[in-house]
Amino acid sequence: MVVVILGVLAAVALPKFLDLRRDAKVAALQGAYGAIGSAMNAVYLRSVLDGTQTLASSTVNIGGVSIATSYGYPAYGNGLIAAAGLSNPPFYANWTVNGVGLVTYTTVLNGTYSSTNGCAIPYQNATATSAALLGAPNVSAC
């Protein structure tokens, strides 16, 4: 009887616990989305104060961290990760799809880093005519 009860509990509880890892990744990605949005505003403000917001390429210094900018906003790359205060890993800014940069959440499996564009935040650099664009997190493959 005890074995049957344990079997029923395992069948009900196990799927819930298996999904916790995905939930953690989604939560981390959503937190990173907020951090990148805040970093975009802070970097742009610093760029305006420095008078570099109209330059196609420049740098600003925030808290001792030098951040590459494009028209005042953080330029896509590891400087964007640093500006947002994210750690590298698990977040990387080294994938692009159709000209849009992806800040990916990377997992480690057997010592190998694995990231996909299905667990990422799209980011497009600013241009002379538009601000940087931060897309909603894509959590389809988290």
Length gained if ALA128 through SER87 is fully extended, taking 0.36 nm per residue and subtracting the Cα-Cα distance, is 11.8 nm
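Quick one: work out Rg over Rh on the C-alpha atoms of segment 21-70, Rh as Kirkwood radius. Kindly include the intermediate steps, with their values, before the conclusion.
Numbers: Rg = 14.0 Å, Rh = 12.1 Å.
Using only Cα positions, Rg/Rh for segment 21-70 is 1.15.
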Ranked output for segments 88-97, 22-31 by mean other Cβ atoms within 10 Å, highest leading, reads 88-97, 22-31
One checks the Cα atoms of segment 22-134 and finds Rg and Dmax, in Å, of 14.1, 47
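Any read-out appearing in this document is the output of simple, stated calculations on the displayed coordinates, not a laboratory observation. Everything numeric here is computed off the predicted structure, so don't read it as measured data. All Cβ positions, glycine included, derive from the backbone under ideal geometry; neighbour counts span all protein chains shown.
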